[in-house]
Every structure is written in C-alpha cells, then in structure tokens.
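Once you've had a glance at the structure underneath, I'll fire off some questions.
The values are calculated or read from the model by the stated rules, or taken from the named source; none is laboratory data. Quick caveat, the model's predicted, so the values are computed rather than measured. So basically every Cβ, Gly included, is an ideal-geometry build from the backbone, and we count neighbours across all protein chains shown. With ligands, DNA and RNA removed, areas are computed over all heavy atoms of the protein, side chains included. Shrake-Rupley method; radii C 1.70, N 1.55, O 1.52, S 1.80 Å.
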Amino acid sequence: MKLFTRYSRINLFATVIVFLLSGVSFYFLLRYILVDQVDEDLKIEQHEIQTYAGKYRRLPEIIAVRDQHISYTAVNKDGGKRTFSTLKMYDDPGKEKETFRQLIFYIDINGQWYQATVSKSLEVTDNMIQSIVTITLITILLILGVSLLINRLVLRKLWQPFYDTLTSMRHFELGKKEQLVFPVTTIDEFIVMNDTLRQATSKAGQDYQYLKEFTENASHELQTPLAIIQSKLDVLIQDEHLSEPQSRAVQSAYEAIQRLSRLNQGLLLLTKIENGQYAETDTINLSQKITDKIAQFEEMIALKNITVSTKLYETVYIKMNPLLADILFNKGFIFI
C-alpha cells in the first residue's frame, strides 16, 4: 500500500469520526437550546396568566392559538413547584399526535386553587432542527469531498520530488561514473534525503572504484609470480629423482596453482568487461560457432573417448562480443 493511500485512509477515518461526534454533539446542543427557548416562552405565558389573575382576581379567557393549548383544572390544594415535560398529544382532532412541551403550575384565585397547563408544540422546533441537521450533514459531506480532492492534488504535488528521487535511484548504476541528479525542492525533509543519498552513492562509487582498481592491480601483480611458480613446478615434475610422495605433493601444488591461475584470469576478464573493453557486439551464428568449436577440440574429445552428437535443427543467431563468445565456448570445452 502506498504511503499516500494509507495517509488518505487514516485522514478520512479521523475526519469522519470527528464530524460524526461533532454532528451528534451539535444536534443535542441545538435541541437543548431550542427547547430551552420554548421553556422561556412557556414561562412568559405563566407570568402573563399570573399577572392577569393577580390584577383581576380571575383566570384569563382561553384564546385558541395554533400550536398552543391552555387549560385550567380546579384542585384542592397547591401542587407545588412548576414542572416541565415533553409529551405527545393531538393539536387538531383527526390529525396525528405531535410533540408538545408542557408547563404545569398552580394559581390561587379567591381561595380556590387551579392547575394551569400550558402546552406549546415542538413541531416547528423539530422541523428547524431537522433542516439545520440536514444542511450540516450536506456541508460535512461537501467538506469531506473537497478535503479528499485537495489532499489528492496537493499531497501528490508535495510528494512528487520524492517519487522523482526514487526514479533517479532506480536508474543509478554503481559502475558508471554518473552524477545523480535529484529534483529541486524547497521541502527540508526532501533536501536532507537527497543530500544523504548523494553522499551515500558518492561514497559507494568511490569504494567501488577503489575495489575495482585493487582487483585489477592484484590480478596483474599475481600473474607474474603465478607464471614463475608454475614454470618451477613444471621443472620439478620432470625431475626423475623425486620420490613418489614428493611427486604427488608437487602434482597437488601444480593443480592448485593452475586453479589459482584460472581464478586470476577470470578476475582479469571481469575487470576488462567492467572497463568496457568488450563493449562491441556482433551477430554470431550460434550453430556455426558450435560446429567450429567441436572441430577445433576434436583431438581432445577423441583423446578422452568422448562421443559428441549434435542436432542443430535451425540456425540461431545471438548478439554478443565475438571474443567473449570464444572465451565462453573455450571454457565449456576445457571443463569437459
């Protein structure tokens, strides 16, 4: 998974959680505020009824008002403090029940206690809350969509120097003397990363060059001593005065020197390849090359009693350096 994708998922998840919590909190806070406002209106109604009753010593007439109901019920005594409640009731006969906020308080008229009930519909409040919540949800969805779009565009642009650096590193080859070119950026973290990579690749290139020069020099320096040792061992092998154990020891040393010589020749060959001395290529008839090599090593094959059969059904061509092709086939026949 890409870093950008992982970041987008985490950011989206965190944003959705925050918006959900904020939306739920906003809903309950808004409902509390609007219901509290309705309670204030009910208190105003209570104050007006009490003021009228205190002035005229009678209850005010009930006037039919939409979304509001007032009723009086005679009781034997004072019922105590006023109480607020929320309940379902009919606003008009024949219609569905609606949610009302109800206030109950008690009032004394000429020694008679009455229970006054004032109810106010919450349908308008609920509709307002529903509209506000709907608008809020739409706004949240728009914010999420715009945020995701901005993140994709802006973050992709911000991370582009990083991907350019990766592309440069993919095309970097240690053996070539090429300077790494990184994109110009103003972001501190990418600047530090590019400087670190530039220093690391430069150091690796120097170490590789030192190792390459050491291998080349060591191979050249070993060539002469190995030739001298091999010639001396040739002389010792031909000495008739050697005992059987001495002859076996000299033969073993001679074979070890031959392996060391072949290893040295291989190192020299690799050095020449790395230096580009076999850069030229040509189209080689592989079938013809195999036939020529079999003819060239015919005596050695007969000497070792080896039977070679070839079935070259079609002509095959390969593109490679002719000298390397000869070395490859020569090594193959030598190890037979």
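Please identify which residues in segment 119-159 have an amide N closer than 19 Å to a label point set 7 Å out from the Cα of residue 25, following the Cα→Cβ vector.
Within reach of a label on residue 25: 133-134, 136-141, 143-144.
Could you state the accessible area per residue of the chain in Å², with a 1.4 Å probe and every protein chain left in place?
72
So, R0 is 35 Å and r is the distance between the beta-carbons of residue 254 and residue 274; what FRET efficiency does that work out to, to 0.05?
With a Förster radius of 35 Å, E is 0.70.
Can you sort 228, 63, 107 by 1.4 Å-probe accessible area, starting with the largest?
63, 228, 107
Determine which lysines satisfy two conditions relative to residue 81: a Cα distance under 16 Å, and not lying fewer than 8 residues away in the same chain.
43
About its Cα centre, how strong a charge dipole does segment 1-46 have in debye, to the nearest 20, once Lys and Arg get +1 and Asp and Glu get -1 at the Cβ?
Dipole of segment 1-46, to the nearest 20 debye: 780 debye.
Can you tell which of 312, 267, 42 shows the greatest fluctuation in a Gaussian network model of the chain with Cα springs below 10 Å?
Per the Cα network of the chain with a 10 Å cutoff, 312 tops the list.
Report, to the nearest whole %, how much of the accessible area of segment 177-223 belongs to carbon and sulfur atoms, 1.4 Å probe, protein only.
58
Also, I was wondering about something else. Before anything else, pin down the relative contact order of the chain: Cα pairs under 8 Å, at least 6 apart, normalised by residue count, whole percent.
11
What helices in the chain pass both tests, a Cα length along the helix axis of 24 Å or more and a mean Kyte hydropathy of 1.6 or higher, using whole DSSP H runs?
TM-like helix candidates: 123-150.
Follow-up. Considering only 30, 64, 19, whose Cα is most displaced toward the positive end of the charge dipole of segment 1-93, charges sitting on Cβ of Lys, Arg (+1) and Asp, Glu (-1)?
After comparing all options, I get 19.
Determine, from the Cβ-Cβ distance of residue 37 and residue 9 and an R0 of 30 Å, the FRET efficiency 1/(1 + (r/R0)^6), rounded to the nearest 0.05.
0.10
Could I ask something else about it? For the pairs 177/272; 289/311; 212/289; 232/293; 176/272; 212/232, note any where the Cα-Cα span goes beyond 24 Å.
212/289; 232/293; 212/232
Using DSSP to define loop residues, name the trypsin sites (Lys or Arg not before Pro) in segment 48-99 whose beta-carbon has at most 16 other beta-carbon atoms within 10 Å.
Qualifying residues, ordered by number: 57, 58, 66, 77, 81, 82, 95.
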